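Since the structure comes first, as structure tokens, the remarks are kept for the end.
No lab work stands behind these numbers, since they all come straight from the coordinates. Please read these numbers as outputs of a predicted model, since none were measured by experiment. Glycine also receives a Cβ, built like all others from the backbone with ideal geometry; neighbour counts cover every protein chain displayed.
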């Protein structure tokens, strides 16, 4: 099932922190999220946060472009047969809209991060047939058994679309 949470009123600056709690079973509810105000909260003061929760079998349409549609991962087509390198292809919806924010000086920038190993060969392109925005990257995990990956797309200093998160394990 999908859950869409929509803040009501002014929450101020901050971010939603998504946490995956390690679990030995897929049936255990191990995903939580919480609101982290940019300035923190003071003691002995009342705070009110209202939100609407929408539940369903299918995700609601988000009010913005750049929803993550699909992730494909596999070994590189060329290279060392015994290598642990992995190639990732991530599709974001409504890639045509990225041009609404782009100018000659404000081009889309893919920010890719890994908690371990090294990310290389980062590139992105518009997929003409689908209109999706596709990001490519390669992970060389080195000796790590686990790597937390993150990809975000920025245009003009502002994030476009969702942030992609992926946990790679050996």
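What's the percent breakdown of Cα-Cα distances in the range 2-56 across 10 Å bins, shortest bin first?
Reading the bins upward from 0: 18, 42, 29, 11, 0.
Neighbour counts of other C-beta atoms within 10 Å: give me 10, 80 arranged from fewest to most.
10, 80
Relative contact order of the chain: what whole-number percent is it, with Cα pairs under 8 angstrom and at least 6 residues apart?
19
What translational D, rounded to a whole number of µm²/s, comes out for the chain from Stokes-Einstein when the hydrodynamic radius is the Kirkwood one over Cα pairs, at 25 °C and 0.890 mPa s? Mind showing how you got there, number by number?
On the way: Rh = 18.6 Å.
This corresponds to a translational diffusion coefficient of 132 µm²/s.
Please compute the contact order of the range 68-169 in relative form: average sequence separation of alpha-carbon pairs under 8 Å and at least six residues apart, divided by the residue count, as a percent. Could the numbers behind the result be given before it?
Details: 214 pairs, mean separation 28.9, N = 102.
Taking the mean separation of contacting Cα pairs over the length of the range 68-169, I get 28 percent.
Over its Cα atoms, what ratio of radius of gyration to 2.2 N^0.38 Å does the range 68-169 give?
Compactness ratio reported: 1.12.
Among 150, 39, 86, which one shows the biggest mean-square fluctuation in a GNM of the chain, springs joining Cα atoms closer than 10 Å?
Among 150, 39, 86, the largest mean-square fluctuation in the Gaussian network model of the chain belongs to 39.
Can you give the helix-only mean residue ellipticity at 222 nm for the chain, where every DSSP H stretch with n ≥ 4 adds -39500 (n - 2.57) and the sum goes over all residues, rounded to the nearest 500 deg cm²/dmol?
-500 deg cm²/dmol
Take 24, 2, 130 and order them by how many other Cβ atoms sit within 10 Å, fewest up front.
24, 2, 130
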